[in-house]
1. Output the number of the condition that Gly326 fails; it satisfies all remaining conditions of (1) more than 28 Å from Tyr194 (Cβ to Cβ); (2) surrounded by fewer than 24 Cβ atoms within 10 Å (Cβ to Cβ); (3) touching a residue at least 24 places away in the same chain (Cβ under 8 Å).
2. I'm trying to understand the selection: among the residues of the range 113-131, which are under 9 Å from Ser345 (Cβ atoms) and not acidic (Asp, Glu)?
3. State whether one or more residues within the range 87-94 are outside any helix (DSSP H, G or I), at negative phi, under 24 Å from the mean Cα position of the chain (by Cα) and not acidic (Asp, Glu).
4. Restricting attention to the range 428-445, does a residue exist that is surrounded by fewer than 21 Cβ atoms within 10 Å (Cβ to Cβ), under 16 Å from the mean Cα position of the chain (by Cα) and in contact (Cβ under 8 Å) with a residue 60 or more places away in the chain?
5. The conditions are (1) surrounded by fewer than 23 Cβ atoms within 10 Å (Cβ to Cβ); (2) touching a Phe, Trp or Tyr at 6+ places or on another chain (Cβ under 7 Å); (3) in contact (Cβ under 8 Å) with a residue 60 or more places away in the chain, and Gln373 fails exactly one of them. Which is it?
6. Yes or no: the range 195-214 includes at least one residue that is closer than 20 Å to Asp283 by Cβ, touching a Ser or Thr at 6+ places or on another chain (Cβ under 6 Å) and either open to solvent by 50 Å² or more (accessible area, probe 1.4 Å) or not acidic (Asp, Glu) (or both).
7. Name the residue, out of Thr158, Thr154, that is within 16 Å of Pro185 (Cα to Cα), modelled with pLDDT of 95 or more and under 22 Å from the mean Cα position of the chain (by Cα).
Amino acid sequence: MKRKILKALTITLAALMLVVFVACSPEVIYVADFTGGQTNNGGTVVNPTPNPTPNPNPTPNPNPTPTPTVDDGTGDGTTYNLTVWCAEEDEDMIRQMLDDYEKKYKDNRYNWTVNTIGEDVVSASVTRDVEAAADVFSFANDQLGLLIKNAALTQVPTQYTAQIDQQIDVAKIAATYSGSYYAFPYSYENCFLYYNKSLISDVSSLERIMTTQIKNVDYNIGIDMSDSYYTTMFLYTAGVTIFGDQGNDPSDVNLDNENAYKACNYIKSLAGQKKLGSVSKADQYASLKNGKVAAMISGPHMISQFKDALGSNFAVATLPTIRFAGESKDTPLVSFSGVKMYGVSRKSTAARNQKTTDEALKLAAYLSNADNQTIRLQEREFCPTDSDLFDAASTSVDTVEVVVSQSEYSKLKPGLIQMSNYWDNMKGFLLGVYKLSYPEGEWSKELKKVENKLKG
């Protein structure tokens, strides 16, 4: 089953290899994107247009990268001062990878600075001051447009394209801008369900989870309703599109529609469910560990923590189905998906000479290569993007199997610059709906406000 899904995903992705271009307005950036299957009134996956029309006049690459120096295999005695940014949970693993890198290039000397910063917000720090940014940093694919818009990302030179070509199609698309690669993918992710198998066994539908009789729990299921990365799944499942059917049209932000109202009505109904609670990321580990929550919707970044919390009762599954009011069938929840990537900041030669830039590119390629993807798979159970590793892991690692299965009902976060205005604005609206702060009569007005923010 997993291999069939993988094959279908690959075919769909190949159909979505879009030529990317910059629009006439300097404020609008089109970035290659994969949104997964288009939902038709919730849940049914429909293949997007197989042969999108390419832009006949693509804009030349705005940030050309000089040809890097040739690596001699062990180094040439140079001393490098390099800064790396990574997620807090990955710091120890990254430091070990840097130690191994030093051993590989033993003739050089490296002075490392490792700082932790969230991969979902790193673009704000990079674009604030590129000269002071890390040389190499990990980031989520939805920030690609913002980084390129601000000339903050170095284009990947051709000597590294073979490595990126080896990645699964969704990762290649996520790393592409204007026909060129700008980042090194290393992990594919989406949302799925964690649960305590000693407390609940049937997790196939959200309604069934919420009505299961479980003793001594506060909630049968927890969702961070204050995070639009998760609450957007109700919009997608209801048939809402964000930036068009394929997620790459910044002019298409029609959110004020019947599908959105359908999603809002469902979110509103959750407010009356005593066994569903909004649980923040900071409280999720303890809630599972002390048995106060039986199941939790989250992503792969919490695998290690939740395994520790649940021990032998740890279990995972694809997202449950939901049933909209007035419908007779259940609909699979459709989540965001994403790709984690390494980028190299585009500093001036005054801040970093070309030789050091070349070394930073070599390091980014190393941190994302198949060997280190294997380490992430073994230590964090992150789904690799290397095609061979992805294929093998998708049938051998439970958590990766779930990620692959959920990919049938997921949409890649758009890489448009406008996504920087999406998260907080949609968060505020959907959280207000959940908290009953917005009466139904105000939904249209509030959705139009979000639309205006996205139109910029």
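The values are calculated or read from the model by the stated rules, or taken from the named source; none is laboratory data. From a predicted model like this one, the values you see are computed outputs, not experimental measurements. When we count neighbours, we look across all protein chains shown, and the Cβ atoms used for this are built from the backbone with ideal geometry, even at glycine. Accessible surface areas use protein heavy atoms only, side chains included; no ligands, DNA or RNA. Shrake-Rupley method; radii C 1.70, N 1.55, O 1.52, S 1.80 Å.
1. Of everything listed in (1) more than 28 Å from Tyr194 (Cβ to Cβ); (2) surrounded by fewer than 24 Cβ atoms within 10 Å (Cβ to Cβ); (3) touching a residue at least 24 places away in the same chain (Cβ under 8 Å), Gly326 misses just condition (3).
2. Keep residues of the range 113-131 that are under 9 Å from Ser345 (Cβ atoms), which gives 126, 130-131.
Within the range 113-131, Val126, Val130 meet the criteria.
3. Yes, the range 87-94 contains a residue that is outside any helix (DSSP H, G or I), at negative phi, under 24 Å from the mean Cα position of the chain (by Cα) and not acidic (Asp, Glu).
4. Checked against the condition, which is being surrounded by fewer than 21 Cβ atoms within 10 Å (Cβ to Cβ), under 16 Å from the mean Cα position of the chain (by Cα) and in contact (Cβ under 8 Å) with a residue 60 or more places away in the chain, the range 428-445 yields no hits at all.
5. The single condition Gln373 does not satisfy is (1).
6. yes
7. From the options Thr158, Thr154, the qualifying one is Thr154.
Results for (1) of a type outside the set (Ser, Thr, Tyr); (2) out of contact with any His (no Cβ under 7 Å at 6 or more places or on another chain); (3) in contact (Cβ under 8 Å) with a residue 40 or more places away in the chain; (4) under 28 Å from Ser407 (Cα atoms), shown as yes or no for each residue.
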{"site": "Thr113", "(1), (2), (3), (4)": "no, yes, no, no"}
{"site": "Ser123", "(1), (2), (3), (4)": "no, yes, yes, yes"}
{"site": "Ser138", "(1), (2), (3), (4)": "no, yes, yes, yes"}
{"site": "Leu147", "(1), (2), (3), (4)": "yes, yes, yes, yes"}
{"site": "Gln159", "(1), (2), (3), (4)": "yes, yes, yes, no"}
{"site": "Gln166", "(1), (2), (3), (4)": "yes, yes, yes, yes"}
{"site": "Ala183", "(1), (2), (3), (4)": "yes, yes, yes, yes"}
{"site": "Asn190", "(1), (2), (3), (4)": "yes, yes, yes, yes"}
